[in-house]
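Notes for the one structure printed next.
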Amino acid sequence: MLTMAPKGTKDMMPEEAYKWQYIEKVFADICARYGFSEVRTPVFEHTELFIRGVGDTTDIVQKEMYTWEQGKRSLTLRPEGTSPVMRSYIEHKKYAEPQPAKYYYNIPCFRYEKPQSGRLRQFHQFGVEVFGAKSMMADAEIISLAYEFLRELGIKNLTLEINSVGCPDCRKEHRAALKEFLKPNYDKLCDTCKDRYERNPMRIIDCKSPECQKLVEGAPMMLDYLCDDCKKDFEELQENLKAAGIPFVVNPGIVRGLDYYTKTAFEFVTDTIGAQGTVCGGGRYDHLGEELGGPEIPGVGFGLGKERLLLVMEASGIEIPENKPVNALIAYMGEEPKRAAIKLAAELRRKGLAIEIDCMERNFKGQFKLADRVGAENTVIIGEDELASGKVSVKKMATSQQIEIPFTLEDIAEAIK
Ligand code: ATP
Ligand code: MG
């Protein structure tokens, strides 16, 4: 037990961590180009934030949260990013500043789920949120950001699916029609959906049980019930996406897991990584701010699962560039050369070069092997003789060609650059 990570969690060893660094850098770059700033919130929050902010009929609140009591408070490990970022925006009164606020985040999330491929208990998300903008310009902006991010990574086999889940006004009528449609089969619904039937029947469309999936076949869809305002916005969104050159399909079945969505709902999906095919999911939530006790704050955002993203990249055979090459290994033999090597390594690193030095004090042969193992482009050799003569040897590892140069920082830096 002591030497095993808890079920549903994963170590990221160096062989994998460089891939994470890569996608994180590309994401941060894209966000900067779109004018989004990073927000970092705590890993845990007051439990009430998620009960109110995620919706009490969601899977997350009903069975997936890591919650514990600490003194008089109930605390929960963050299962998603939107409510904490909205909480921070309200707490810091960002709504009083010129709008919109454009944030991004890069976070671990925690959900007590059955672990499988693309589904972990600690997983990781990129996300963005635009607060304060009602216009479908904002929806198109974030979808465009996600699209460009995925394009820049070289991913081609993802489809953007969009839908509108309407607003509280038009949802009422749909809700009534949907309940009427499901009523004769109420007894056949799964227990979770029996509960949803009263509280949020639209989520039954999203149920993963095959029996419920069969029961919702031919059910009234929200798209046919949109009010004029929601219809206009959904058309506007599609025009904006076309203008941005972003291909999409309308999928009236997209509901999204969370209760708080209004109007726009979208997903980037793939069939290349098995059952967990939703890589990115998002939408609009114009009433979350009030729900959390703040003013009315329109919001739109997405969450993008990094594990699933990496699975898609792997399935597409996308090569991720490895870390920066090692410019040189400084090999030494003898006490005085060792000190000279320590000094030289520090000075070269200060100049921005990547330098390896053997911490095992092996002989030259062992150090050359190390140079090969770490992929050093050069080996700088410092022995007693070299020190005495004021010269060092530099070996180009690719060609095994060896040259002798003066032992000065400038000469060595020049030779290994
Ligand atoms: P799913 O239907 O797969 O359970 P969800 O609707 O619960 O997804 P969201 O809450 O919208 O997912 O989270 C956004 C993204 O985070 C998902 O599209 C997915 O890429 C990722 N994600 C969600 N849950 C997990 C998990 N347990 N493990 C890994 N990634 C996850
Ligand atoms: Mg889920």
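The values are calculated or read from the model by the stated rules, or taken from the named source; none is laboratory data. Just so we're clear, the structure is a prediction, and the values are computed from it rather than from any experiment. Cβ atoms come from the backbone with ideal geometry, glycine included; neighbour counts cover every protein chain shown. For the accessible areas, the whole protein counts, side chains as well, though only heavy atoms, and no ligand, DNA or RNA atoms are used. Shrake-Rupley method; radii C 1.70, N 1.55, O 1.52, S 1.80 Å.
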Subject >> Using alpha-carbon coordinates, inclination of helix 335-350 to the longest axis of the chain, degrees >> reply: 40
**OP:** State, as an integer percentage, the relative contact order of region 34-90 based on alpha-carbon contacts under 8 Å between residues 6 or more apart.
**Re:** 40
Original post:
So what are the three principal axis dimensions of region 144-214 from its Cα atoms, in whole Å, longest to shortest?
Top reply: 48, 30, 16
Subject >> Accessible surface, per residue, of region 134-217 when the full set of protein chains is kept, probe 1.4 Å, Å² >> reply: 50
Original post:
Just how far, in whole angstrom, is region 4-32 from region 288-321 if you go by their alpha carbon centroids?
Top reply: 15
Original post:
Along the positive direction of the dipole of the chain (beta-carbon charges: Lys, Arg +1; Asp, Glu -1; about the Cα centre), which of 17, 405, 70 reaches farthest?
Top reply: 70
Original post:
Accessible area per residue, 1.4 Å probe, Å², for region 22-105: what's the number?
Top reply: 51
Original post:
Expressed as a whole percentage, what fraction of the accessible surface of the chain belongs to carbon and sulfur atoms when a 1.4 Å probe is rolled over the protein heavy atoms?
Top reply: 52
Original post:
Mean 1/r over all different Cα pairs, inverted: what Kirkwood radius does region 128-174 give, in Å?
Top reply: 13.0
Original post:
For region 1-77, what is the charge dipole size about the Cα centre, in debye to the nearest 20, if Lys and Arg each add +1 at the Cβ and Asp and Glu each add -1 at the Cβ?
Top reply: 100
Subject >> Theoretical gain in end-to-end length, residue 399 to residue 16 [0.36 nm per residue, Cα-Cα removed] >> reply: 134.9 nm
**OP:** Return one quarter of the surface area of the convex hull spanned by the alpha-carbon atoms of region 244-359, equal to its mean projected area, in nm².
**Re:** 14.4
Original post:
What's the local net charge at residue 377, with K and R +1, D and E -1, over the other residues with C-beta under 12 Å away?
Top reply: +2
**OP:** Have a look at 296, 15, 322 and tell me which one the Gaussian network model of the chain (Cα, springs below 10 Å) gives the largest fluctuation.
**Re:** 15
Original post:
Can you give the translational diffusion coefficient of region 73-189 in µm²/s, computed by Stokes-Einstein from the Kirkwood radius over Cα pairs at 25 °C and 0.890 mPa s?
Top reply: 135
Original post:
For region 1-52, what is the Kirkwood hydrodynamic radius in Å, using each pair of distinct C-alpha atoms?
Top reply: 14.7
Original post:
Going down the list 72/306; 7/242; 94/263; 72/93; 72/102, which pairs span over 32 Å between their C-alpha atoms?
Top reply: 72/306; 7/242; 72/102
Subject >> Tilt relative to the chain, helix 14-33 - C-alpha long axis, 0 to 90 degrees, to 10 >> reply: 60
**OP:** Can you tell me which of 361-368, 22-29 comes out highest on packing, and rank the rest after it, using the mean Cβ neighbours within 10 Å?
**Re:** 22-29, 361-368
Original post:
For region 120-259, what are the per-bin percents of Cα-Cα distances with bins 10 Å wide, up to the bin holding the maximum?
Top reply: 10, 34, 31, 22, 3
Original post:
What net charge do the residues around residue 155 carry, taking every other residue with its C-beta under 15 Å from that of residue 155, with Lys and Arg at +1 and Asp and Glu at -1?
Top reply: -2
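For region 77-137, what D do you get in µm² per second when you plug the Kirkwood radius from alpha-carbon pairs into Stokes-Einstein at 10 °C and 1.306 mPa s? Please report the intermediate quantities before stating the final value.
On the way: Rh = 13.2 Å.
Estimated diffusion coefficient is 120 µm²/s.
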**OP:** Would you mind giving the three semi-axes, in whole Å and largest first, of the ellipsoid equivalent to the chain according to its Cα gyration tensor?
**Re:** 54, 22, 21
Original post:
Does a label point 7 Å from the Cα of residue 5, set along Cα-to-beta-carbon, have any residues of region 109-144 with amide nitrogen under 18 Å, and which are they?
Top reply: 109-126
Original post:
Taking Rh as the Kirkwood radius, which is the inverse of the mean 1/r over Cα pairs, what is the Rg/Rh value for region 177-311?
Top reply: 0.98
Subject >> Virtual spin-label span in nm between residue 249 and residue 37, 7 Å along Cα→Cβ >> reply: 4.0
**OP:** Note down the nm distance, to one decimal, between modelled labels 7 Å out along Cα→Cβ at residue 28 and at residue 180.
**Re:** 5.5
**OP:** Percent of Cα-Cα pairs per 5 Å bin, from 0 to the last occupied bin, for region 283-417, please list those.
**Re:** 2, 9, 16, 16, 12, 5, 5, 6, 6, 5, 5, 5, 5, 4, 1, 0
Original post:
Quick one: Cα centre-to-centre distance for region 328-375 and region 179-214, in angstrom?
Top reply: 66
**OP:** Could you give me the percent of Cα pairs per 5 Å distance bin for region 1-93, shortest bin first, beginning at zero and ending with the bin that holds the maximum distance?
**Re:** 3, 10, 15, 15, 17, 18, 14, 6, 2, 0
Original post:
Normalised by the number of residues in the chain, what is the relative contact order in percent for Cα pairs under 8 Å and 6+ residues apart?
Top reply: 15
Subject >> Distance-filtered residues of region 132-158 - backbone nitrogen under 13 Å, label point 7 angstrom along residue 232 Cα→Cβ >> reply: 135-136
